[in-house]
Amino acid sequence: MIVAAAVAIIALSSAFLFVYGVNLLYLSWQAMRLAPAAPPAGPPPEGTVLVQLPIYNERYVAGRVIDAVARLDWPRDRLEVQVLDDSDDDTPEIVASKIERWRRAGLAITHVRRSSRAGYKAGALAHGLSLSSAPMVAIFDADFVPAPDFLRRMLPALADPEVGFVQARWGHLNEDYSLLTYLQALMVDFHFLVEQAVRPRLGMLTNFAGSAGVWRRAAIDGAGGWRAWT
């Protein structure tokens, strides 16, 4: 009985891996046939951009991402930053110090603390949206370091009112650190260079990667807002 169950599990796993591998080969073949995408045309949409930084116990990188976002090349009168800090270690003190520095420099940045972690990251994002009316929302996890021109390169893609969000390709700060980080970088690169490139061009569903993207606020609201059940 045990042997039969083990064989069945191996057979099902092998079948799944075979289908998965064929899918990867198909996507790779389609990626090689794609013509270069035309850069987005038209001016970026009007209105304020809200940058949300969901953070939980990120003492080593919280200050870095705040500094990077504070240096975004975007008009200060059309930029809001929310540090959605659900931490229960010493991260809030680090965040508070950074926020005070950038407030003095003229940045509209707030330290958002909740009484509980209800909904985790999704709950933090939803709570932050309830505190702002900005029509465009950029999201970065704590371990990201957006370049100063990030918004200027991304927002023109939202000039088309039919576009709900635009996803940036992820880079790597430690790709050459070890064999493990090199292999991880290869997997992430495949996702962005192949899957994220091919699926939308073929009319297939694609996903928001959770970070380094800009959303049209109306698209989030139209989908029912951020939900934690997933």
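Rule-based calculations on the coordinates, nothing more; no lab input. Predicted, not measured: the structure shown is a model, and the values here were computed from it. Glycine gets a Cβ as well: all are built from the backbone with ideal geometry, and neighbour counts include every protein chain shown.
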| query | Counting other Cβ atoms within 10 Å, which GluC sites (Glu not before Pro) in the range 1-80 have at most 15 and lie in a DSSP loop? | reply | 46
| Roughly how big is the chain's charge dipole about its Cα centre, with Cβ charges of +1 (Lys, Arg) and -1 (Asp, Glu), in debye to the nearest 20? | 380
| Taking N as the number of residues in the range 13-63, what value does Rg over Cα atoms divided by 2.2 N^0.38 Å take? | 2.12
| field | Positive-end extreme of charge dipole, the chain - chosen from 133, 209, 42 (charges on Cβ) | value | 42
| task | With r as the distance between the Cβ atoms of residue 18 and residue 205 and R0 = 30 Å, compute the FRET efficiency 1/(1 + (r/R0)^6) and round to 0.05. | result | 0.85
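Using the 10 angstrom Cβ neighbour count as an exposure proxy, how do 140, 165 rank, fewest first?
Values: 140 24, 165 19.
The order, fewest Cβ neighbours first, is 165, 140.
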| note | The alpha-carbon center of the range 124-144 and that of the range 176-195 are separated, in whole Å, by 27
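Could you estimate the translational diffusion coefficient of the range 114-230 from the Stokes-Einstein equation, with Rh from the Kirkwood formula over C-alpha pairs, at 4 °C and 1.567 mPa s, in whole µm²/s?
Working: Rh = 16.0 Å.
In µm²/s, the coefficient is 81.
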| field | Alpha carbon Rg of the chain, scaled by the compact-globule rule 2.2 N^0.38 Å | value | 1.17
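Find how much the distance from residue 32 to residue 57 grows on full extension, using 0.36 nm per residue of separation minus their present alpha carbon separation; answer in nm with one decimal. All intermediate terms of the calculation are to be shown ahead of the outcome.
Numbers: separation 25, 0.36 × 25 = 9.00 nm, distance 4.10 nm.
Extending this stretch completely gives an extra 4.9 nm.
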| field | Radius of gyration, Dmax [the range 1-119; alpha carbons; angstrom] | value | 23.8, 70
| Space enclosed by the convex hull of the alpha-carbon atoms of the range 90-170, per residue, Å³ | 143
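Ranking 51, 19 by Cβ neighbours within 10 Å, fewest first, what do you get? Before the final figure, lay out each step's value.
Values: 51 26, 19 10.
Listing 51, 19 from fewest to most nearby Cβ atoms yields 19, 51.
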| task | List every DSSP H helix in the chain whose Cα atoms extend 18 Å or more along the helix's own long axis and whose mean Kyte-Doolittle hydropathy is at least 0.5. | result | 2-33
| message | I want the antiparallel fraction of DSSP beta bridges within the chain, as a percent rounded to 5. | response | 30
| task | Report the one residue of 62, 223, 74 whose Cα lies farthest in the direction of the positive end of the charge dipole of the chain (charges on C-beta: Lys and Arg +1, Asp and Glu -1; origin at the Cα centre). | result | 223
| Got a sec? How would 10, 220 order by Cβ neighbour count within 10 Å, fewest to most? | 10, 220
